[in-house]
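Colleague: Shown below is the structure under consideration.
The values are calculated or read from the model by the stated rules, or taken from the named source; none is laboratory data. Every value quoted in this text rests on a predicted model; they were computed, and no experiment measured them. Reconstructed Cβ throughout: ideal geometry from the backbone, glycine too, with neighbour counts over all protein chains shown. Just so you know, the surface numbers come from the protein's heavy atoms only, side chains and all, with ligands and any DNA or RNA stripped out. Shrake-Rupley method; radii C 1.70, N 1.55, O 1.52, S 1.80 Å.
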Amino acid sequence: MSRRHSFYARPLLAAVAAVTVLAGTAAAAPSDASPGRYTATSAALDDTYYQDALGKTGAELKSALNTIISDQTKLSYSQVWDALKATDEDPANSSNVILLYTGRSQSKNDNGGSSGQWNREHVWAKSHGDFGTATGPGTDVHHLRPTDVKVNSTRGNKDFDNGGSELSDAPGNFTDGDSFEPRDEVKGDVARMILYMAVRYEGNDSFADLEPNDHVNNGSAPKMGRLSVLKQWSQEDPPDTFEKRRNDVIFEQFQHNRNPFIDHPEWVTAIW
């Protein structure tokens, strides 16, 4: 852990725990959805983690956030398996994970490449910028999620947009020749993961400068679309308990950095 994070990560955890105890809720209980569960956490983050970003907008905000979230611990691609078992744990069954597109609860140990298993989905398609599974964007858990093997293959490297035909094996998800639309419950999650990647990877650490645009069919260019739709999804599907907990687990246990658009959804329109 970096010197910067060692300064405030533990006090922040203590503050979160104190709020949880006072609220009389367990960490995975559905009642964690109450706004008060996260209000104190956000205040603590603004006083520490985000203090250099507050009051800024546009390119200045994007640059400040890049500096903040680039301070992270990097995982190997094999370590991602164990990370996802913690970040995407089913709050109703600690032996399972929740799959992103299907919403299915599945055994943590039923992972691999066979039909019916779950594998590691790069929400920012790794071919968009050609970063593969190299340590960095290829292993950044903020945009890696457990997904059904077949659905992962169907999504492929398509950009995100509305429309298409519904997937019979993943109702609520739609696809056509050049885009993929996830189910309503995770549309905002997808948008905030894409925008996190655009802020984190700015081309100054040997990887491509990843940026959203308002197009599909981006191919191998370091672009992901469709930005106008992603912004709409972020507004229509604000961060829920599962997404907020996921952000906390990544910060506390693995990478020690955060997705700022989960903590401050309003920063989406402040930048784009």
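For every residue, the table says whether it meets (1) of a type in the set (Phe, Trp, Tyr); (2) touching a Pro at 6+ places or on another chain (Cβ under 9 Å); (3) on the phi < 0 side of the Ramachandran plot; (4) in a loop (DSSP other than H, G, I, E, B).
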| site | (1), (2), (3), (4) |
| --- | --- |
| Asn96 | no, no, yes, no |
| Glu121 | no, yes, yes, no |
| Ala125 | no, no, yes, yes |
| Gly132 | no, no, no, yes |
| His142 | no, no, yes, yes |
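Colleague: With the condition kept exactly as written, say whether any residue in segment 200-223 is part of a helix (DSSP H, G or I) and either touching a His at 6+ places or on another chain (Cβ under 7 Å) or closer than 30 Å to Asn93 by Cβ (or both). Quick ask: steps written out before the conclusion?
Modeller: Going through segment 200-223, the residues part of a helix (DSSP H, G or I) turn out to be 200.
Narrowing further to those that are either touching a His at 6+ places or on another chain (Cβ under 7 Å) or closer than 30 Å to Asn93 by Cβ (or both): none.
No: zero hits.
Colleague: Which one of the conditions (1) charged (D, E, K, R); (2) out of contact with any strand residue (DSSP E or B) (no Cβ under 9 Å at 6 or more places or on another chain); (3) in contact (Cβ under 8 Å) with a residue 40 or more places away in the chain does Asp214 fail to meet, given that it meets all the rest?
Modeller: With respect to (1) charged (D, E, K, R); (2) out of contact with any strand residue (DSSP E or B) (no Cβ under 9 Å at 6 or more places or on another chain); (3) in contact (Cβ under 8 Å) with a residue 40 or more places away in the chain, Asp214 is out only on (3).
Colleague: Go through segment 168-195 and report how many residues are open to solvent by less than 20 Å² (accessible area, probe 1.4 Å) and touching an Asp or Glu at 6+ places or on another chain (Cβ under 6 Å).
Modeller: 4
Colleague: Turning to a different aspect of this structure: Considering segment 171-193 alone, what residues qualify as being under 25 Å from Asn259 (Cβ atoms), over 11 Å from the mean Cα position of the chain (by Cα) and among the acidic types (Asp, Glu)?
Modeller: Glu181, Asp184, Glu185
Colleague: Sort out which residues of segment 145-167 are in a strand (DSSP E or B), buried (at least 16 other Cβ atoms within 10 Å of the Cβ) and more than 18 Å from the chain's Cα centre (by Cα), and write them in order of number. Explain how you work it out, then say what you get.
Modeller: Applying the first criterion (in a strand (DSSP E or B)) to segment 145-167 yields 145-148, 159-160, 165-167.
Then keep just the ones that are buried (at least 16 other Cβ atoms within 10 Å of the Cβ); that gives 145-148, 159-160, 167.
If the condition is that a residue be in a strand (DSSP E or B), buried (at least 16 other Cβ atoms within 10 Å of the Cβ) and more than 18 Å from the chain's Cα centre (by Cα), then Leu167 is the only one that fits.
Colleague: Separate question: List the pairs whose first member sits in segment 161-175 and is charged (D, E, K, R), whose second member is in a strand (DSSP E or B) and surrounded by 15 or more Cβ atoms within 10 Å (Cβ to Cβ), and whose Cβ atoms are under 9 Å apart, counting only residues at least 6 apart or on separate chains?
Modeller: Asp161/Ser179; Asp161/Phe180; Asp161/Glu181; Glu166/Gly172; Glu166/Asn173; Glu166/Phe174; Glu166/Thr175; Asp169/Asp148
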